[in-house]
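In what follows, a structure is listed as structure tokens, so that the remarks can point back to it.
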Amino acid sequence: METCCEYTDSVMWVSTDERRMITRMMKLIAEHPDETEIIKRPEENDGCLYCKVPSTWLKIAPLPERSEAQKEAARRNVRKARACLPKTL
């Protein structure tokens, strides 16, 4: 899986084959049709979305810091969810 962004001061071109990113980008593109353009849809581009969006959409942020109690609660939730999955060989 890969997501690639190339940008100038005003425009960013995004190419991605990550399902999560495609879903998010398609939603944003539908909400902002005047600011965006789909160059290639995943259905016609081997599962890869290629689009043009405003460069102001680029944001890089660190993960939030969590306390040990929050981390342990997340671990318990994951264990609980995994326990509900069917057992396979």
*Looking at segment 46-61, which of its residues are more than 21 Å from Tyr7 (Cα to Cα) and either surrounded by fewer than 10 Cβ atoms within 10 Å (Cβ to Cβ) or free of Cβ contacts under 8 Å to residues at least 12 places away in the same chain (or both)?*
Asp46
_Restricting segment 11-32 to residues that are assigned to a strand (DSSP E or B) and among the aliphatic types (A, V, I, L, M), the residue that is nearest to Met1 (Cα to Cα)_ = Val14
*asked:* Among (1) in contact (Cβ under 8 Å) with a residue 24 or more places away in the chain; (2) among the hydrophobic types (A, V, I, L, M, F, W, C); (3) surrounded by 14 or more Cβ atoms within 10 Å (Cβ to Cβ), there is one condition Met26 misses while meeting the rest; what is its number?
replied: (1)
_If Glu35 satisfies all but one of (1) touching a residue at least 40 places away in the same chain (Cβ under 8 Å); (2) assigned to a loop (DSSP other than H, G, I, E, B), what's the number of the condition it fails?_
(1)
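No value in this document is a laboratory result; all are computed from the given coordinates. Keep in mind the model is a prediction, meaning the values are calculated, not measured. In this analysis, Cβ positions are derived from the backbone assuming ideal geometry, glycine residues included, and neighbour counts consider all displayed protein chains.
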